[in-house]
Structure formats: C-alpha cells, structure tokens
Amino acid sequence: MAVSARMDFKSRLRIWLPKLVLSPSLAMVLVFVYGFIAFSVYLSFTDSRLLPSYGWVGWENYSKLWRLSHWEISLANMGIFAALYIGSCTALGLGLAIFLDQKIRIEGVLRTIYLYPMALSFIVTGTAWKWFLDPGIGLENVMQTWGWETFGFDWIKNRNLAIYTVVLAAVWQTSGFVMAMFLAGLRGIDNEIIKAAQIDGASNWNLYRRIVIPQLRPAFLSAFVILGHLAIKTFDLVIALTGGGPGRATELPATFMYSYAFTRNQMGIGAASATIMLMTIAAIMIPYLYAELREKR
Amino acid sequence: MRALIYLVLTLCALFYMLPLYVMLVNSVKPLDEITGGGMMNLPQVFTLVPWARAWSSAQIGVEPTGLSPYFWNSIRMVVPAVAISTLLGALNGYVLTKWRFKYDTILFGLMLFACFIPFQVVLIPMARMLGLMGLAGTTRGLVLVHVVYGVGFTTLYFRNYYAFFPTELVRAAQIDGAGFFRIFWRILLPSSGPIAVVSIIWQFTNIWNDFLFGASFADANSQPMTVALNNLVQASHGVKEYNVHFAGAILAAMPTLLVYIVAGRYFVRGLMAGSVKG
Amino acid sequence: MRSQFKTITATVLALALGGDAATAQGDGGVEVLHWWTSGGEAAALNVLKEDLEKQGIGWTDMPVAGGGGEQAMTVLRARVTAGNAPTAVQGLGFDILDWANQGSLADLNAVAAEEGWDSVIPAALQKFARVDGKWVSAPVNVHSTNWVWANKAVLDANGIAVPTTWEEFTAALDKLKAAGVTPIAHGGQAWQEATVFDAVAMSVLGPNGYQAAFIDLDEAVLGGDRMKEAFDRMAVIRANVDDNFSGRDWNLATAMVINGTAGFQMMGDWAKGEFLNAGKVPGQDFLCFRFPGTTEQVIFNADQFMMFDQGGSVSAGQAALASAILSPSFQSAFNVVKGSVPARTDVSDEAFDDCGKKGMKDLAAAASSGNLFGSMAHGHAAPASVKNAIYDVVTAHFNGAYDSTTAVTELVDAVSIAR
C-alpha cells in the first residue's frame, strides 16, 4: 500500500486502466440486468396489475400462480420442449458435422444451407411453417395429391401432439448453428491421434465413440449453454406457430409470463412466474459456470 | 458408404430449404394462384409485383409506404449497436485474459449469466430508465438496449478467443514500453478477424431480428423493419396478400441472409478459433 | 486494418450521434398508436389524417399490429412508463378504464360539451368513454358480436330458413351435416371461441344472467346449471365444425362461408367486410342475423381513441382529432368500410348496406330497451384478467380438455383467481 501511495498519477492510471475499461460494461450489466431482476422479484410480492405498484401482498401471487393449471401446462411443456429440443439439436448437429467432416465436396454450400435458418426470425418463417404443418394445405395435402392417400400429419391441430411441431420448427432453426459448433470442434482435433487410432485398426464407430466425441466436450458444453438459453427464451416461435393453442396446449413459461404481465394486466403474477424462471435458470447455470470457470485456472 | 453420406446430407439440406422454398415460390405467384392451393407448386404466372409492393407500396400504417423507410431505421440501429457491442466485447475479453486481477472470473460469470435473462422481464424497468435518460423512442435508446443485452455474448466470444492468444507477446510488448491501448490496437486487434466475424454475425442476427425491443422502445420515426413486417403480416382484416407477405419476409431477412452467405465460411473458422474450445 | 477501422469508427459514430428527426408532437400535431394496418381500415383512418392535415395538424403514425391490439397495449405500457406516451391511442373497453384510473388520460369535457356527445352516444358505451364524469376517449364505432353469417345459396339448397331458436339452429346444422357441408366455419383461437361463447351464453342465460355472470361476476351464476347448459351448447357447436379448425384465422373461416364449403359463421360484424370484398351482396348472396335466442340483444364492443394527458391540458391537436372522430361524416365513412355502426346514434344510415342498416336499427332499439351489453370476449364486460381467465376455460372446454361440468367448476375458480 505504501508503495502505491507514492506512485505518480500515470502509473496509478496504468494499474487502474484495465478495470476502468471493464467498468462501463459491468455497470450496465449490474443496473440493467441485476437491478432489473431485483425489481422484478420485488414486483412479484406486490399488487401490481396494469403498471408496477408497490402495495405489499406477500406470497399471494405465488400461491395464485401454483393454482393455475395454465402454469402447470406451461412447465410441463417446457420439460418436454427443452429435453427434445436440446437432445435433437445436439444429435442432428453432431451427425451433420461428422458427415460434413468427411471431405465432402460441396461442404460450403451445404453448410450455408444448414446455417441459414438461424438468420431468419420467426416473424418471417412462422407463416411458412404454419402452412407446411397445416393438414389442409401443407405436407398432408401435398402427400395426398402426390398419391399417398392415407398419409396423415395433423399434429399441429392435436392438443397432445402440437408441442412436437414446435420442437420440429425450433430444431430446424438452430440445429445448423450447433452443427457449426461441432464442425469447428472436429476441425480442432489433432489429426495425429485419429491416424494413430486408425493404424491400430479401430473401426469408424469406435473411433468416434472412444476418441473423437470425448474430445468434443467443450463444444458439447457450449452447445448446451446456447441451446438451454434459447429454449428458455423461446417465445416468438410459439406465438407465430400456434399462438399457444390448440386451447392452451403449447404455452411455455415465456409466453405465460408475457401474457400475465402484459395482456392480462396481472403483472404481479407475471413477475412471480419470471422469478421462478430466473431461479430455475440460476440453478442450472451457476453450477455450470462455476465448474467451467474454475477449470480454466 | 460415401453415397449414403451424400444422400443423408442432401435430404437434410432439402428439409432445411423447405420453408425458404415455400416462401420464395409463393412470393412470385399472383394471389389467386396461392388461394387456389398447391403451396409447393412452381408459379404458372411469374410476377415480381409482390416484391415491389412489399418494398414500396404495401400498407404498413395509414399510408402505403412499404417496408423501405423501416429498412433504413433498422440499419441506423443495427450498425452502431453491433460495432459498439463488438468493440466492448473485445476490450472486455482483452482485460479479462491479459490484465487479470482478483475476482475477475466472478465479474465475468456475472456478465455471462446476464445473457440468460428473458427479455420480457426487463421491458418495463428498461422503459423507465430510457425515459429518465431522455432516450425514450430514439434510435440511440435502442442501440443502448442492444449493446447492454449483447455485451455478455461478445465478451464471452472474445475472452475465449484471447485466452489462446500467447500472453508472452503481450508481456514482451509491455517491456518494450507499449501501453494498454497500444497493445490492444497493435497486437490483439489485427489478429481478431475470425472471432470478430462470429461476434458480428451473432449480434447482427439477434439485433436485426429483434421485435420486442423494437416495438416497445421505438417511436414512429425509429421503428425497425421487424415491427413494420409484423404490421404487414398481422393485419387482421381484409384479404391476406400472402405473396406480398412472403416477399416482405424475404426482404426483411435479406441482410441477415447476406451476412450468413458472405461470412459463413469465416463463421466456422471463427468458432474453431476459440469459442468452442475449453 | 487500422485505416479501415478508422473509417468504420467514423461511420458508426456518425450513425450513433446522428440523432432522430423531430416528431410531430412538438408542433401541436398528434402521434397516433393504433393497430389498423389492413388496407380498408388504414384507408379509412387516412381520411381522418387528411382531415386533420387540412386544419394544419400533423399526424405521426405509430402502427403496431398483432393479437387484436395486445401488442399495441404492451407498447403503450412501455411508452407511458418511459414518460413518452403517444397523444392518441386506440383502445378497447376496460383498457380505457384502467388507463383512466391510472390518471393518464386527458379531460375531453370541453369538446364533448361543445358537440353534445352526452346526448348522441348510447349510455352503455359512455360507461367506457367517461370516467368520473370526465370524457377521456373518443368512440369511433360500435361493433356487435352476436351475429351469424350464412351463405344464402347453401341454406336455400338445403331448405333452411333463418333459424330463430336454438332448436331450429341445431336442426339446420344437422341438415347441413347430412348434406356434406361443414355446418359451422370456425377458427380455433381463444378469442374466437370466446366470441361464440358471448352469444351462446346470452341465449341460455338471458340478459339478466349475462349481466350477473360476466359483468357482476356472480359466482352463483358462473357456476350454475344454466352455465353448464351454455357449455353443453358449445360442445354441440364443436361437434359441427370441421377437423381442421384449430389455429385458423377468422377471415379464413369467413372465406369458407363465402365459398359455400360451410353454412354458418358466428363472428362480429367485421366479417361483413370479407363478404363485400368478395363481391357478395347482403340479402342475395349472404345473410346476417342475430344468434338464435338473442334477437333482441346487442352485445357490443367499441373502438375508441384514448387521449393521453399532455401536461394537464388537452392539446389543440387532441381536441381537433376528437372532434373529427365524432363528426357524422367520418363516422359514416369509416363504419361503412369497417362493417361496424356509428358510435353516435344520429348518423344517417343512407350510405350503409342492409346489414349495416339492420345493425344501426338493432343498436338504437337495444340501447333504448336496456338490451345493450358489453362483450365479455372483447373486454367490455370484465377487466382483462377476468376476460382471459374465462378464455382459458372456454378454449380448454372447446378443445376437449374439460367436460361441461368441469368447465363450470374451473370457470368459478379461474375467475376468483383473476379478480
């Protein structure tokens, strides 16, 4: 301490400069993310309806929330959606990446085709998907006019199956991005290891199962983080595709929260659902971040 | 075996192309051909009128302006927002890897966790803050919002990338008397191309496609393209001009598609160079 | 790299600091937030804009479509929270009352007194435009939701006369089904199911029961046997729609009636515009009549423009806008296009077609006989929270998640949580 006190202004600035450079971003995040989260948690204990108001009601919003079957449906859907979405995207992305990595001649074209859905918002593709899934004009109709009379595909109209069409569209949108991450991971693996294994006579299947895929661990983790965060934020997709229907069969927590906070004028309940969502995210993310960041030491 | 691989890859490519195909063929059909059914059929009469209408004369509000004025609103918002958040991310990544200090990992963790906040949560408090700062309803306000909620991602990308940048080079430059910014400018930035592409693609896509913030925080003079497209597509009364909707949708997606096609090859390279390595 | 970077930086800075063009608000103009973006509506609104511009008042357009105004209401909330409220905002029913109770709306009494709004606007509608004796918004139109639209050729071919009772109606449905026609065209979205429910509930519960259930939220009526019967009738309607109804937009359902693939559609009077656009003539090609059992009643919802307080006084622009909205010529011109009827009862029906004339006559009669009720489905009976809670139950029942007995229990429960 005594030393730093005697330092001239310039060298003191030099020590503080990195922190100064970091501070605007940090300040923004503290206010606009953590400050707002705190505000939202506070609102969940108030009688806010149309706009924030500050009458304290304790746990009332939470007890109302858990009485709503609508909330249970959206939680159950989240479970189905997140599991299938993350699972399928990872499987499809990995599969495509492994195939694309076999020195495919038209790789550039294929890669762009797999990637482009990520570039489109669902305001754009929602209508196309809606048509495609609609039995009257979409796939079912096309197959039938092509002569496959008994072909049926009306999931989007069925309240037990509609959630799977949401998964389908979501996988379409992001699996290409996951493919790119795995492809990058595959390209980063040392060729010598693979060659050595091939000389040892390992079959292709064993080569990938024993050697390549374990090496992709960082890519897997990045994919899980990105997919997990996209799953939780899924909103536009549901609105564009099903509007939460048939009935309320495809509601997700994000659409639930939006509808209570903004269209039903029950901001308190909306904030309570947001709080539960945030706590869930934290419960999954904090251990992950802890493990990831500690390891890098 | 190889034939099988090609077959699978091609079938998948067809599946991925399907929605775009539907949009494209139907955007060049006259409306009566669409309502007649057959969404997969090629147009019998080819027309570019829907494209012209979507761009310059479709009904967005009380006046038939088409999407064109909103396109420029989006550009005015997206270019500064992407540039600022990428630059901030680069600086943050640089500090977090080359100028380590106590608890820096915790700060990074805080910024990273911020990526996960659902945007619906911040709508009302953000509106209040923008009002207090005098930025309500301005493009500058939107730029700020997008920088705030993008900086976590850009910091993540650059941090992971710079972690593999040889620290010895930085130390050597320091010994030569180079300062904080000089090192960043002369040594790190020139080799940041691949990761900058990743960051720019990611931010550009997210900001260009954002609807919620654009609708809530813009006013009549700064509404971005997605809001206009939504007005076009969501109009509930009267005949739905699907061909115009699809043409508008492709027009609205054009910049992001272009970015992916032009920069796509660098994208995998950039991901390879850092963000998916441990 | 470096010189490139400088150019980029300069461009970015220029864009970032370029600033925004001044809005029209400053010079006494109006900024109007609305969701009327489809051709006909926007053209009608453009009449209003040109009218104001002739008086030297600028119109800044702020359209946000989606979800029947839901999206616009979210935007409005952000704008008000930011202290940047638009001067005029399209609003419906309880949304207007909610904003008035927040103290956000301007006092239009001066304009209203000068133009005599009190005497020409029906009292049931005034409830949503006047709060504590203060006019806060300018009504544009009166829509009515208990209409049935029918394809005349299909009805004639099957020997069906306009049904006036539920029994006649179900008989007609059976005939159509037997003839291989989809009896009812319906779009499976929560608000559409609720729109049908409005009329069905009115026909079962009667005006007093409707008032008790949806306006007074009386649990005895909400959970009563009559309500169960209303749900039973919804199940009958469900049995008469096609399999592909879910998620369908209302205007596509209307198209089914226009094309003759379906016989009836229960929908608000905005459906008329679709028939007219297709070149159909009321009375010749299509029929409009009140839902069987609600011939006397009119269930209404009204679009209005709320005026947001601009520092304690009504701006010149707002006053001019309000006055232009209520002018008989605009009321007639706009509503002829929109399918609704004028919000003031003293407008000539000359320009309207047969359905429009009938709508105006029904409205006047219902208003004077106490048979004019706000629509539950469209936010004119109960606040948004209750409205949506009822939607949840009605749509779940319609889609087969509940039987009628469960639906009634759920209805009481959902309304009690939402209050």
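Bear in mind that the values in this text are calculations on the coordinates, not laboratory data. Since this is a predicted model, take the numbers as computed values, not measurements. No Cβ is skipped: glycine too gets one built from the backbone with ideal geometry, and neighbour counts run over all protein chains shown.
Summary table
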| item | result |
| --- | --- |
| Under-5 Å amide H pairs with B:Phe165, H placed in peptide plane, nonlocal only | none |
| In degrees, nearest ten, helix B:104-113 long axis to first principal axis of chain B (Cα) | 10 degrees |
| Chain C: angle of helix C:250-259 to the longest principal axis, Cα-based, in degrees nearest 10 | 50 degrees |
| Rounded Å value of the spacing that divides the Cα centres of segment A:109-140 and segment B:1-39 | 9 Å |
| Peptide C:320-332 - average C-beta neighbours from other chains (10 Å radius) | 0 |
| Where N is the number of residues in segment B:21-179, Cα Rg divided by 2.2 N^0.38 Å | 1.59 |
| Ranked packing of A:142-151, C:175-184, most packed first, by mean Cβ within 10 Å | C:175-184, A:142-151 |
| Pairs from A:Lys130/C:Lys152; A:Lys233/B:Lys98; B:Lys240/C:Lys134; A:Lys157/A:Lys233; A:Lys64/C:Lys387 whose Cα-Cα separation, in the structure shown, is over 28 Å | A:Lys130/C:Lys152; A:Lys233/B:Lys98; B:Lys240/C:Lys134 |
| Protection proxy ranking of C:272-282, A:194-204 - average other beta-carbon atoms within 10 Å, highest first | C:272-282, A:194-204 |
| More than 24 Å apart - percent of Cα-Cα pairs taken over segment A:66-295 | 56 percent |
| Calculated from backbone phi, Karplus (6.51, -1.76, 1.60) coupling profile of segment A:213-219 in Hz, x at Gly/Pro | 4, x, 6, 8, 3, x, 5 |
| Translational D in µm²/s for segment B:68-275 (Stokes-Einstein at 10 °C, 1.306 mPa s, Kirkwood Rh from C-alpha pairs) | 85 µm²/s |
| Evaluated over segment A:107-193, the Cα radius of gyration and Dmax, each in Å | 17.3, 55 |
| MRE, 222 nm, helices only [DSSP H, n ≥ 4, -39500 (n - 2.57), over chain C, to nearest 500] | -15500 deg cm²/dmol |
| Shielding by partners, peptide B:14-22 (average Cβ within 10 angstrom, other chains) | 6 |
| Anisotropy class of segment C:49-91 from Cα gyration tensor, a/c 1.5 cut | oblate |
| Protection-proxy order for peptides B:72-85, A:12-25, B:184-197, each taking the mean of Cβ atoms within 10 Å per residue, highest first | B:72-85, B:184-197, A:12-25 |
| Assigned charges on the beta-carbon of Lys, Arg, Asp, Glu; segment C:221-302 dipole about Cα centre (debye) | 80 debye |
| 10 Å Cβ neighbours from other chains, averaged over peptide A:238-251 | 5 |
| Proportion of all alpha-carbon pairs of the protein assembly as shown beyond 57 Å (%) | 14 percent |
| Using θ = phi - 60° and Karplus 6.51 cos²θ - 1.76 cosθ + 1.60, couplings along segment B:149-161 (whole Hz; Gly, Pro as x) | 8, x, 5, x, 5, 5, 4, 4, 4, 5, 4, 5, 6 |
| Under 5 Å, built H, 5+ apart or other chain: amide partners of C:Ala262 | C:Val257 |
| Segment B:2-47 shape via C-alpha gyration tensor axes, a/c threshold 1.5 | prolate |
| Helix B:242-270 axis, angle to chain B major axis (alpha carbon atoms, nearest 10°) | 30 degrees |
| Helix-derived mean residue ellipticity, 222 nm - over chain A, DSSP H n ≥ 4, -39500 (n - 2.57), to 500 | -21000 deg cm²/dmol |
| Mean-position separation - Cα centroids, segment A:1-76 and segment B:79-101, in angstrom | 21 Å |
| Shape category assigned to chain C from the gyration tensor of Cα positions, a/c cut at 1.5 | prolate |
| Semi-axis lengths (Å, descending) of the ellipsoid that matches the C-alpha gyration tensor of segment A:170-229 | 26, 11, 9 |
| Size of electric dipole in the protein assembly as shown: Cβ of Lys, Arg +1 and of Asp, Glu -1, about Cα centre, debye, nearest 20 | 5260 debye |
| Part-to-part distance (alpha-carbon centres) for segment C:61-90 and segment C:285-299, which is given in Å | 34 Å |
| For segment C:189-280, fraction of C-alpha pairs farther apart than 17 Å, in % | 55 percent |
| Column: log10 I(q)/I(0), Debye, Cα scatterers of segment C:115-236, q = 0.09, 0.16, 0.21 Å⁻¹ | -0.39, -0.95, -1.22 |
